[in-house]
Structures are given as C-alpha cells and as structure tokens.
1. Quick one: in segment 68-96, of everything that is over 14 Å from the mean Cα position of the chain (by Cα) and surrounded by fewer than 16 Cβ atoms within 10 Å (Cβ to Cβ), which residue is modelled with the lowest pLDDT?
2. Evaluate the following for Lys172: is it of a type in the set (Lys, Arg), touching a helix residue (DSSP H, G or I) at 6+ places or on another chain (Cβ under 9 Å), surrounded by fewer than 17 Cβ atoms within 10 Å (Cβ to Cβ) and touching a residue at least 40 places away in the same chain (Cβ under 8 Å)?
3. Report yes if Glu130 is assigned to a loop (DSSP other than H, G, I, E, B), over 19 Å from Asn96 (Cα atoms) and either modelled with pLDDT under 95 or of a type in the set (A, V, I, L, M, F, W, C) (or both), otherwise no.
4. Can you confirm whether segment 115-123 contains a residue that is within 16 Å of the chain's Cα centre (by Cα), without any contact (Cβ under 8 Å) to a residue 24 or more places away in the chain and exposed (fewer than 12 other Cβ atoms within 10 Å of the Cβ)?
5. For segment 69-91, does any single residue satisfy the condition of being farther than 19 Å from Leu48 by Cα and hydrophobic (A, V, I, L, M, F, W, C)?
6. Take segment 74-89 and flag every residue that is free of Cβ contacts under 8 Å to residues at least 40 places away in the same chain and of a type in the set (A, V, I, L, M).
7. Quick one: count up the residues across segment 112-127 that are within 20 Å of Thr45 (Cα to Cα), part of a helix (DSSP H, G or I) and of a type in the set (D, E, K, R).
8. So the check is Cβ under 9 Å with 6+ separation or different chains; which pairs have a first residue in segment 34-53 that's buried (at least 18 other Cβ atoms within 10 Å of the Cβ) and a second one that's part of a helix (DSSP H, G or I) and among the basic types (Lys, Arg)?
Amino acid sequence: MNKIKIFSFSALLLLVIFGCANEKNIEPDKDKIRTEFAGLARDYTLGLKSILKKNLQSGGPLQAINVCSDTASDLTIMFADAMDLDVRRVSIKNRNPNNVPDQFEAKVLLEYEELLLNGNLNEKTETFDEYSINGKTVLRYMKPIIVDNACLNCHGNNNQISQEVADIITEKYPDDKAVNYTKGDLRGAVSITQRL
C-alpha cells in the first residue's frame with residue numbers, strides 16, 4: 001500500500017497532463033511530454049530504490065528479492081494504467097522474460113552500453129523520439145537504470161549473492177541472465193511508450 005501512496009500524486013498529475021494532451025485535434029507538446037516522461041522515469045526508479053533499501057534494512061536480501069520482481073511489476077502496472085502508457089523495465093541481460101527488449105529498446109540499450117564504455121553515460125542520459133509502429137505514431141522514451149550497491153545482493157557475482165537468494169532466483173527465473181554486475185554497470189532501462 002505504501003508504494004501506491006508514494007506515486008499517487010505523480011500518477012494523478014501525469015494523468016491530467018496526458019489526458020489534456022490526448023484530446024482530439026490537439027497537437028501534443030512533445031517537449032512537455034519528454035519532461036514529464038523524464039519525471040515519471042525518475043520517480044519510478046527512485047521509488048523502487050527507496051522500497052528496495054527499506055526492505056534490505058528490515059529483512060535483508062531475502063525480503064528485498066521480491067521488490068524487483070513483484071513490487072516493480074505492481075508499480076509498472078500502476079503507472080501504465082493510470083496514464084494509459086506502456087511502461088516497462090527492459091534489459092538485454094534480463095531476469096524476468098517479460099523484460100526482454102523489443103528492437104527499438106535493444107538498439108537504445110546497446111547505445112547506452114557504448115556510452116558507458118566511453119564514460120559518457122550519466123543521470124542526464126535519455127532517449128526520446130517519435131516513431132511509427134504498424135502505421136501508428138508513438139512517442140518513445142528510455143532512461144538507463146544504473147547498478148548501485150543494493151542491486152548487487154541479487155545481481156552481483158557468486159560471492160555477493162547468498163545461496164538462499166540464488167536458490168529463490170533459480171526457482172523463479174530458471175533462464176536468468178541478470179548476474180555478475182558491478183556497481184556502475186548498465187542494468188537496463190525504463191521504457192515508456194505513448195500512442196498518439
């Protein structure tokens with residue numbers, strides 16, 4: 001319930017903004033939408049990290065393991081439903097099979113990897129543009145998710161992930177690819193799509 005309270009104000013504000021922009025015959029203000037998508041991605045990521053840290057402090061990695069799977073999925077659905085957007089987390093090294101990137105997302109993630117290798121990936125990095133998918137115009141936005149220390153309890157190497165956590169991950173995600181990260185790596189991205 002706390003996770004819903006954390007994001008209720010942001011969700012309602014964005015719903016009003018996008019609802020107004022989606023009225024028929026009104027050209028959306030793409031700069032304003034990009035700014036709102038950036039705020040949504042930031043709030044989503046910060047909220048998820050806050051919940052993760054609280055769970056780590058109160059119950060350790062075994063309690064926190066559900067944050068990135070169950071809580072993140074709940075938050076994603078809440079944001080998407082509230083604002084009539086497609087909101088997802090994607091990664092080339094996905095854990096959850098629902099987080100496999102589409103062609104556009106995979107291309108952007110590879111660009112982010114290149115930026116990381118060259119030391120140019122930072123908190124200002126984002127991708128926003130208009131595209132046509134099956135003849136329909138969509139706005140696409142992506143913001144990278146960077147690995148921090150808390151992530152390593154479930155996404156680090158064998159020395160960082162406890163056996164109990166590893167067993168749960170293997171049971172829930174037998175095809176898991178989301179391990180052996182280090183702090184500062186690109187974990188994936190928040191991806192937002194709005195159909196015009």
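The values are calculated or read from the model by the stated rules, or taken from the named source; none is laboratory data. Note that this is a predicted model, so its numbers are computed, not measured. Cβ coordinates were reconstructed from backbone atoms using ideal geometry, including for glycine residues, and neighbour counts include every protein chain displayed.
1. We begin by selecting, within segment 68-96, every residue over 14 Å from the mean Cα position of the chain (by Cα); these are 81-84.
Then drop every residue that is not surrounded by fewer than 16 Cβ atoms within 10 Å (Cβ to Cβ), which leaves 81, 84.
Details: Asp81: 75, Asp84: 78.
Per the stated criteria, the residue is Asp81.
2. In short, yes.
3. On the way: assigned to a loop (DSSP other than H, G, I, E, B): no; over 19 Å from Asn96 (Cα atoms): yes; either modelled with pLDDT under 95 or of a type in the set (A, V, I, L, M, F, W, C) (or both): yes.
Spelling it out, it is not the case that Glu130 is assigned to a loop (DSSP other than H, G, I, E, B), over 19 Å from Asn96 (Cα atoms) and either modelled with pLDDT under 95 or of a type in the set (A, V, I, L, M, F, W, C) (or both).
4. Yes, because at least one residue in segment 115-123 is within 16 Å of the chain's Cα centre (by Cα), without any contact (Cβ under 8 Å) to a residue 24 or more places away in the chain and exposed (fewer than 12 other Cβ atoms within 10 Å of the Cβ).
5. No, segment 69-91 contains no residue that is farther than 19 Å from Leu48 by Cα and hydrophobic (A, V, I, L, M, F, W, C).
6. The first filter runs over segment 74-89 and keeps only residues free of Cβ contacts under 8 Å to residues at least 40 places away in the same chain, leaving 76-77, 80-81.
Listed by number, the residues that qualify are Ile77, Ala80.
7. Total satisfying the criteria: 1.
8. Note: pairs meeting the criteria are Gly47/Lys3; Leu48/Lys3; Ile51/Lys3.
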